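Undergrad: Shown below is the structure under consideration.
None of the figures in this text is laboratory data; all of them are computed from the coordinates on show. Values in this document were obtained by computation on a predicted structure and should not be read as measured data. FYI the Cβ positions are ideal-geometry reconstructions off the backbone, even for glycines, and counts take in every protein chain you see.
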Amino acid sequence: MDDRTSKQNYYLDIADAVLERSTCLRRKYGAIIVRNDEIISTGYNGAPRGRKNCSDLGVCTRETLHIPSGERYELCRSVHAEANAIISASRRDMIGATIYLVGRDARTGELLSDAMSCSMCKRQIINAGIASIVIRTSPTEYRTIPVNDWIENDDSVFNLL
């Protein structure tokens, strides 16, 4: 019997380690892109290169303004983990790949069982040609979402009728 960690949890464990570089005061995210069993790139959420991080400033604008999670990302200083991983990779290497995502509460370190890519990151993942996303929901459990589901169920189109 093989007691080794599954491939999915192996990659999620690496994404969990990557999030330790996050500089966000609210949520820490780590992402890795894997294709053909090879890590293509990694990313964590933090301010753009050269800008001060929220952890350096000691303040989160969205938190100061009491903005709920998932809203008003234009006020956030950070580039999201998924976006940073995509920026660091070549599109030809991402086509058909899987992105692994782990999120934790920055204060408590508690795993975010409801972690999900924001609408902007979803668009970037789609355009990068990534085939699926695996999101950790517990220390050993995860959910897998085919990116094609985001294309077919376009949440950016609203029925105005």
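Undergrad: So what J values fall out for the stretch 94-111 if you push phi through Karplus, 6.51 cos²θ - 1.76 cosθ + 1.60 with θ = phi - 60°, rounded to Hz, Gly and Pro as x?
TA: 8, 4, x, 7, 10, 10, 9, 10, 10, x, 9, 5, 5, 7, 9, x, 5, 4
Undergrad: Amide H to amide H under 5 Å from residue 41: which residues, 5+ apart in sequence or cross-chain, H placed 1.01 Å off N in plane?
TA: Amide H neighbours of residue 41, under 5 Å, 5+ apart: 33.
Undergrad: Taking the Cα centroid of the stretch 76-113 and of the stretch 1-44, what is the distance between the two, rounded to the nearest whole Å?
TA: 9
Undergrad: Once Lys and Arg get +1 and Asp and Glu get -1 on their Cβ, which of 95, 12, 60 lies farthest toward the positive end of the dipole of the chain?
TA: Value: 60.
Undergrad: Let me make sure I get this right: for the stretch 42-161, a, b and c are the square roots of the gyration tensor eigenvalues over alpha carbons, sorted descending. Under 1.5 in a/c it's rounded, otherwise prolate if a/b > b/c, else oblate. Which is it? Walk me through the intermediate numbers first.
TA: Values: a/c = 1.45, a/b = 1.35, b/c = 1.07.
The shape class here is rounded.
Undergrad: With θ taken as phi - 60° and the coefficients 6.51, -1.76 and 1.60, list the Karplus ³J(HN,Hα) couplings across the stretch 13-23 in order, rounded to whole Hz; mark glycine and proline as x.
TA: Here the 3J(HN,Hα) series is 4, 5, 4, 5, 5, 4, 5, 5, 8, 4, 10 Hz.
Undergrad: Label-point separation (nm) for residue 38 and residue 107, each offset 7 Å from Cα along Cα-to-Cβ?
TA: 4.4
Undergrad: Report, for the chain, the % of DSSP beta bridges that are antiparallel, rounded to 5. If you can, show how the numbers build up before the last one.
TA: Numbers: 21 of 25 bridges.
Of those bridges, close to 85 percent are antiparallel.
Undergrad: Where a ≥ b ≥ c are the square roots of the eigenvalues of the C-alpha gyration tensor, would you call the stretch 1-77 rounded, which needs a/c under 1.5, or, failing that, prolate if a/b is larger than b/c, or oblate?
TA: prolate
Undergrad: Follow-up question, since we're still on this one. What list of ³J(HN,Hα) values in whole Hz, one per residue of the stretch 64-75 in order, does the Karplus curve 6.51 cos²θ - 1.76 cosθ + 1.60 (θ = phi - 60°) give from phi, with Gly and Pro shown as x?
TA: Values per residue, Gly and Pro as x: 4, 8, 6, 7, x, 4, x, 10, 6, 5, 5, 8 Hz.
Undergrad: Taking the highest mean first, how do the peptides 100-110, 4-14, 22-32 order by number of other beta carbon atoms within 10 angstrom per residue? Provide the component values of the computation, followed by the final result.
TA: On the way: 100-110: 18.5, 4-14: 15.4, 22-32: 23.5.
Those peptides, ordered most packed to least, come out 22-32, 100-110, 4-14.
Undergrad: Under unit Cβ charges (Lys, Arg +1; Asp, Glu -1), what dipole magnitude, rounded to 20 debye, does the stretch 28-78 have relative to its Cα centre?
TA: On the way: 8 positive and 6 negative charges, 43 e Å.
Taking the Cα centre of the stretch 28-78 as origin, the dipole is about 200 debye.
Undergrad: Compute, for the chain, the length of the dipole vector about the Cα centre, with Cβ point charges of +1 (Lys, Arg) and -1 (Asp, Glu) only. Units Debye, rounded to 20. It would help to have the intermediate numbers written out before the result.
TA: Numbers: 21 positive and 21 negative charges, 139 e Å.
Charge dipole of the chain: 660 debye, to the nearest 20.
Undergrad: While we're looking at this one, here's another question. Rounded, prolate or oblate: which fits the stretch 72-114, taking a ≥ b ≥ c as square roots of the Cα gyration tensor eigenvalues, rounded meaning a/c under 1.5, else prolate when a/b beats b/c?
TA: Values: a/c = 3.01, a/b = 1.56, b/c = 1.93.
Oblate.
Undergrad: By how many nm would the segment from residue 92 to residue 127 grow when fully extended, if each residue of separation counts as 0.36 nm and the alpha-carbon distance is taken off?
TA: Working: separation 35, 0.36 × 35 = 12.60 nm, distance 1.14 nm.
Between residue 92 and residue 127, full extension yields 11.5 nm more.
Undergrad: Under a GNM of the chain (C-alpha, springs under 10 Å), which listed residue has the highest mean-square fluctuation: 53, 45, 127?
TA: 127
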